[in-house]
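Okay, so here's the structure we're looking at.
Rule-based calculations on the coordinates, nothing more; no lab input. Just so you know, these numbers come straight off a predicted model, no measurement behind them. Here the Cβ positions follow ideal geometry from the backbone for every residue, glycine too, while neighbour counts run over all protein chains shown.
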Amino acid sequence: MTAKSSISLPNKIAIGLIVATVVAVIGIVALINTKDAATQTAPTEASEVVRSDSHRLSSAEDEKAVLVEFLDFECESCLAAYPFIEEMRSKYAGELTIVSRYFPLAGHPNSMNAALAVEAAAAQGKFEDMYHRMFETQKEWSHSADSRAATFRGYAEDLGLDLAAYDAAIADPGTAARIEQDKNDGTALGVSGTPTFFLDGKLIEPSSLKEFEQLLKDAITN
């Protein structure tokens, strides 16, 4: 910038923080899927990138491409990717279908509890609402050794869910099995970290947000 005297110190700090945030997000996307070469192959026939019961975050009326994300609600990189995914979801709403699949990581103490809460909400038609709530509040509950199940139940109450049905879904082994099915599919596909993305059935590893969007554009166009 040439007009140095026209920018106050607070504004310089604010601009610096914005730049740092953008750089950090790009760096996170570049590191999203650092896998060995064996994971960069196309899925086998036995693998399921998308199942009939997979949760659609959006379903394009004129579907041209399908983006699948294996995610962990306690994952900081997933949180960093969240605004970009929302932007793409809005920008290409009529042509891009976005599918969310669970992949809770063992190193995140409340990732399974969060997934259970989201799946229990999904049983009442509130998958998207709880999905958003988890990412919007992640910094408040994540990386704690203590169970945050009660916190998540509070979210269910805030969303107006039937709490008796919610509690029953949390306790139902089938709810955990539904989550494990996603994780097993991901493991079979070579997923080892989150977020991991598949575009039209193929693993993608964009090095920047610009490249990520270009891959989406190309898939939609072609």
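Here are the numbers for the structure shown:
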| quantity | calculated |
| --- | --- |
| Share, in percent, of DSSP beta bridges within the range 50-137 that are antiparallel, nearest 5 | 30 percent |
| Mean separation of Cα contacts under 8 Å, 6 or more apart, over the residue count of the range 52-211: relative contact order % | 31 percent |
| Label-point separation, residue 128 to residue 177 (7 Å along Cα→Cβ), nm | 2.9 nm |
| Neighbour net charge for residue 102 - beta-carbon separation under 9 angstrom, K R +1, D E -1 | -1 |
| Residue 64 versus residue 222: modelled label distance in nm, points set 7 Å from Cα along the beta carbon direction | 1.4 nm |
| Neighbour net charge for residue 221 - beta-carbon separation under 15 angstrom, K R +1, D E -1 | -3 |
| Relative contact order (percent, whole number), the range 67-161, Cα cutoff 8 Å, 6+ residue spacing | 32 percent |
| Residue 168 paired with residue 213, simple spin-label distance in nm, labels 7 Å along Cα-to-beta-carbon | 4.6 nm |
| Neighbourhood charge, 14 Å Cβ-Cβ cut-off, centred on residue 150 and excluding it, Lys, Arg +1 and Asp, Glu -1 | -3 |
